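One structure coming up, written as structure tokens, with questions to follow.
The values are calculated or read from the model by the stated rules, or taken from the named source; none is laboratory data. Treat the numbers as computed from the prediction; the structure is a model and nothing was measured. Cβ placement follows ideal geometry from the backbone for every residue including glycine, while neighbour counts extend to all protein chains displayed. Surface areas here come from the heavy atoms of the whole protein model, side chains and all, with no ligands, DNA or RNA. Shrake-Rupley method; radii C 1.70, N 1.55, O 1.52, S 1.80 Å.
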Amino acid sequence: MASGRIVDYSGSSDSDLGDEEDSKESCLKRKSPCSATPEKEINNKRRHRDPLPLPDDIKNMFKEKEISIVDNPDFHEGRIRSFPHLAGNWATHVYIEVERNEHFAEIQRLLLSELEPFADFKAFSQLHLSLSKTVPIRHHWIQPLTDSLSVSLQDAVSTSCGFCAIKLYTNDENTRTFLSLQVTSSTDTLFDYTTYVDKAFKDFNLPPFYSDPSFHVSIAWSLGDVINAIPEETMQNLQNHLDDYLSEHINSFVISITEIHCQIGNKHFKFPLKSRNRY
């Protein structure tokens, strides 16, 4: 932005006025300051005047605003955010996508009907396996964070996993309960993924994943902590339903992991994984 100086261009055009005008200019320069014309005084004041202050709106134009947005749970089925929503904050989450095929949809309906007398669970339409907590970042971190994830995950290899048990979890704030399918794998590759993600997050002082994670895919949710409201007998019935369904449709419940995803606000990033060597 240009400075607030007032530039006097008169010297560049006076030479065109001839010797008479040059002589008058010389006489003016020899006069004492008190004999200067009023117009000359005004010009002198302009030259030494401090720059005009910029309006606050312009000075704050490029500053990141920390304005808290009032969060109304009524707008999203009573759910409460894990952290306050601030303008300029971007919710960030690293995860594995899980396809919701017809068999997943069927097991959701079957299990939720069993839980209906005890809690109001709602089925998820999109499924995932988390590899990080959901954390807020600033907009200018998006590119360096995704670059760091890309470097950290460059040695990660593809794998596959399945399901073994019904589990109920609550979030850290105990504001929601999740009906989940616990994931099982023959390798430690899922732990490797979280190690890679934690490494990238550490560069930005972001919190790591849980120290002893229980990998799972949540298929439904309910408001509040309703774990104690569900009898042990019902939990056993849910497990029996899952075991029976897996025995009939085992291939439909295998997760083939070939890429890792990162959602930052409305931006979506993918990180392809190396193929595992087969011997």
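Residues of region 125-160 being among the acidic types (Asp, Glu) and either outside any loop (DSSP other than H, G, I, E, B) or free of Cβ contacts under 8 Å to residues at least 24 places away in the same chain (or both), which ones?
Initially, region 125-160 is screened for residues among the acidic types (Asp, Glu), giving 147, 155.
The one that is among the acidic types (Asp, Glu) and either outside any loop (DSSP other than H, G, I, E, B) or free of Cβ contacts under 8 Å to residues at least 24 places away in the same chain (or both): Asp147.
Exactly one of (1) of a type in the set (S, T, N, Q); (2) touching a helix residue (DSSP H, G or I) at 6+ places or on another chain (Cβ under 7 Å); (3) under 20 Å from Ser125 (Cα atoms) is unmet by Asn171. Its number?
(2)
I've got another one for you. Could you please find all residues in region 95-111 being open to solvent by 30 Å² or more (accessible area, probe 1.4 Å), touching a strand residue (DSSP E or B) at 6+ places or on another chain (Cβ under 9 Å) and under 25 Å from Ser247 (Cβ atoms)? So that I can check it myself, show each step before the final result.
Here is the first cut: in region 95-111, the ones open to solvent by 30 Å² or more (accessible area, probe 1.4 Å) are 97, 99-103, 106, 109-110.
Right, trim to touching a strand residue (DSSP E or B) at 6+ places or on another chain (Cβ under 9 Å) and you get 97, 99-100, 109.
Passing the criteria: Glu99, Arg100, Arg109.
I'm trying to understand the selection: among the residues of region 147-158, which are surrounded by 17 or more Cβ atoms within 10 Å (Cβ to Cβ) and either under 17 Å from Gly265 (Cβ atoms) or modelled with pLDDT under 95 (or both)?
The one that is surrounded by 17 or more Cβ atoms within 10 Å (Cβ to Cβ) and either under 17 Å from Gly265 (Cβ atoms) or modelled with pLDDT under 95 (or both): Leu149.
Test of understanding: among Ser247, Ser218, Ser222, which residue is free of Cβ contacts under 8 Å to residues at least 12 places away in the same chain and more than 25 Å from Ile142 (Cβ to Cβ)?
Of Ser247, Ser218, Ser222, the one residue that is free of Cβ contacts under 8 Å to residues at least 12 places away in the same chain and more than 25 Å from Ile142 (Cβ to Cβ) is Ser247.
Kindly indicate the residue of region 88-124 that is assigned to a strand (DSSP E or B) and polar (S, T, N, Q) and also nearest to Ser152 (Cα to Cα) among those meeting that condition. Walk me through it before giving the result.
Kept after step one, since they are assigned to a strand (DSSP E or B), are these residues of region 88-124: 89-98, 122-123.
Cutting the leftovers down to polar (S, T, N, Q) gives us 89, 92.
Details: Asn89: 23, Thr92: 17 Å.
If we take residues in region 88-124 being assigned to a strand (DSSP E or B) and polar (S, T, N, Q), then Thr92 is nearest to Ser152 (Cα to Cα).
Can you find a residue in region 115-123 that is out of contact with any helix residue (DSSP H, G or I) (no Cβ under 9 Å at 6 or more places or on another chain), acidic (Asp, Glu), over 20 Å from Leu190 (Cβ atoms) and free of Cβ contacts under 8 Å to residues at least 12 places away in the same chain? Before the answer, list the steps.
So in region 115-123, the residues out of contact with any helix residue (DSSP H, G or I) (no Cβ under 9 Å at 6 or more places or on another chain) come out as 116, 120.
From what is left, the residues that are acidic (Asp, Glu) are 116, 120.
Of the ones still in play, those that are also over 20 Å from Leu190 (Cβ atoms) are 116, 120.
Next, from what is left, pick out any that are free of Cβ contacts under 8 Å to residues at least 12 places away in the same chain: 116.
Yes, region 115-123 has at least one match.
Could you say which residue among Val135, Val197, Val183 is modelled with pLDDT of 95 or more, in contact with a His (Cβ under 7 Å, 6 or more places away or on another chain) and among the aliphatic types (A, V, I, L, M)? Talk me through it step by step, then tell me what you get.
On the way: Val135 fails: in contact with a His (Cβ under 7 Å, 6 or more places away or on another chain); Val197 fails: in contact with a His (Cβ under 7 Å, 6 or more places away or on another chain).
Just a single option satisfies the conditions, and that option is Val183.
Given (1) in a loop (DSSP other than H, G, I, E, B); (2) open to solvent by 30 Å² or more (accessible area, probe 1.4 Å), identify the lone condition not met by Leu206.
(2)
Does Ile219 qualify as being at pLDDT 95 or above and touching a helix residue (DSSP H, G or I) at 6+ places or on another chain (Cβ under 7 Å)? Before the answer, list the steps.
On the way: at pLDDT 95 or above: yes; touching a helix residue (DSSP H, G or I) at 6+ places or on another chain (Cβ under 7 Å): yes.
Yes.
Out of region 176-185, which residues are farther than 13 Å from Ile257 by Cα and open to solvent by less than 30 Å² (accessible area, probe 1.4 Å)?
Selection gives Thr177, Leu179, Ser180, Leu181.
Still on this structure: Of (1) within 18 Å of Glu99 (Cβ to Cβ); (2) modelled with pLDDT under 95, Asp212 satisfies all except one. Which?
(1)
OK, next. Within region 224-240, count every residue that is part of a helix (DSSP H, G or I), among the aliphatic types (A, V, I, L, M) and within 16 Å of Asn174 (Cα to Cα). Give the steps one after another, and end with the answer.
Within region 224-240, the subset part of a helix (DSSP H, G or I) is 227-229, 232-240.
Checking the rest, the ones that are also among the aliphatic types (A, V, I, L, M) come to 227, 229, 235, 238.
Then drop every residue that is not within 16 Å of Asn174 (Cα to Cα), which leaves 227, 229.
So the count comes out to 2.
While we're on this one: For region 161-174, which positions are touching a residue at least 40 places away in the same chain (Cβ under 8 Å) and either touching a Ser or Thr at 6+ places or on another chain (Cβ under 8 Å) or hydrophobic (A, V, I, L, M, F, W, C) (or both)?
Step one: of region 161-174, the residues touching a residue at least 40 places away in the same chain (Cβ under 8 Å) are 161-163, 165-174.
Correct list: Cys161, Gly162, Phe163, Ala165, Ile166, Lys167, Leu168, Tyr169, Thr170, Asn171, Asp172, Glu173.
Assess whether Val197 counts as being open to solvent by less than 50 Å² (accessible area, probe 1.4 Å), β-branched (Val, Ile, Thr), touching a residue at least 60 places away in the same chain (Cβ under 8 Å) and not in a helix (DSSP H, G or I). First the steps, then the outcome.
Working: open to solvent by less than 50 Å² (accessible area, probe 1.4 Å): yes; β-branched (Val, Ile, Thr): yes; touching a residue at least 60 places away in the same chain (Cβ under 8 Å): yes; not in a helix (DSSP H, G or I): no.
Against the criterion (open to solvent by less than 50 Å² (accessible area, probe 1.4 Å), β-branched (Val, Ile, Thr), touching a residue at least 60 places away in the same chain (Cβ under 8 Å) and not in a helix (DSSP H, G or I)), Val197 does not qualify.
Shifting gears a bit: Which of the residues that make up region 238-266 are open to solvent by 50 Å² or more (accessible area, probe 1.4 Å) and out of contact with any strand residue (DSSP E or B) (no Cβ under 8 Å at 6 or more places or on another chain)? Walk me through it before giving the result.
Within region 238-266, the first condition is being open to solvent by 50 Å² or more (accessible area, probe 1.4 Å), and the residues that meet it are 240-241, 243-244, 247-248, 250-251, 254, 256, 258-259, 263, 266.
Hits for region 238-266 are Asn240, His241, Asp243, Asp244, Ser247, Glu248, Asn251, Asn266.
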